[in-house]
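The values are calculated or read from the model by the stated rules, or taken from the named source; none is laboratory data. Every value quoted in this text rests on a predicted model; they were computed, and no experiment measured them. As a convention, Cβ positions derive from the backbone with ideal geometry for all residues, glycine included, and neighbour counts pool all protein chains shown.
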Amino acid sequence: MSFISESQLRNQRRSIKTFQNLSESLKSYKNESTTYKTKIFLSHKHDEGEKLEGAISLLKNFGVDVYVDWLDEGMPKKTSGQTAVRIKQKIKENHKFILLATEEAINSKWCNWELGLGDAEKYIEHIAILPIEKDHISFSGNEYLQIYPYIYQIDYAQTFKGIYRSSGTYVVYPEINGNNKVIPISEWLRNR
């Protein structure tokens, strides 16, 4: 069991990558039909395109639509107050909010601002942290994991949080007031 690592995201990205560059690949995600799909606002650090593409590929395996702000044609070309207004609107419109929690994103003022908005709009049933570990280095954003649900990979069937679970991807809720809730990500995504 583990957090998803950067190398797992690279492998996820490679598994769907053909001869498209990053921008073409992300635009193809944008052009998919979104009817009846759970819509996710994916907060991320803008200069982490390869990690973003791997995360989108991972989430797409669950049949969702992922919103990425810089692919939004309605987003202003230059960052301004209108950018913030549009982001607030999109966080409200999407069913779920996920922070792609890399070391860099945790330190980003925009990602933290978006997380605060996601907290206000989606807490606790429709928000999650997707912690990404650098290869062979532990995830350092543990304070987030104490207050937000997070996405966790169980690599083989085992007992986790007191219950035998099969391998797969889960959403783990923080242990607040004795809560010990762990659900498959597919179930979490269906709950809109």
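Overview of results
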quantity: Every pair of residues 6+ apart whose Cβ atoms lie under 8 Å, when the first sits in the range 48-71 and is under 15 Å from A105 (Cα atoms) while the second is surrounded by 23 or more Cβ atoms within 10 Å (Cβ to Cβ) and hydroxyl-bearing (S, T, Y); calculated: E48/T102; K51/T102
quantity: Counted residues, the range 83-111 - those being of a type in the set (S, T, N, Q) and surrounded by fewer than 15 Cβ atoms within 10 Å (Cβ to Cβ); calculated: 2
quantity: Residue in the range 160-168 that is modelled with pLDDT of 85 or more, assigned to a strand (DSSP E or B), among the basic types (K, R) and surrounded by 15 or more Cβ atoms within 10 Å (Cβ to Cβ) present; calculated: yes
quantity: Residue within the range 124-141 that is aromatic (F, W, Y), buried (at least 19 other Cβ atoms within 10 Å of the Cβ), at pLDDT below 95 and in a strand (DSSP E or B) present; calculated: no
quantity: Unmet criterion (only one of (1) touching a Pro at 6+ places or on another chain (Cβ under 8 Å); (2) over 16 Å from I40 (Cβ atoms)) for N112; calculated: (1)
quantity: Qualifying residue in the range 172-192 (condition: surrounded by fewer than 16 Cβ atoms within 10 Å (Cβ to Cβ), among the aliphatic types (A, V, I, L, M) and modelled with pLDDT under 90); calculated: yes
quantity: Matching entry among S57, S80 (being surrounded by fewer than 20 Cβ atoms within 10 Å (Cβ to Cβ) and among the polar types (S, T, N, Q)); calculated: S80
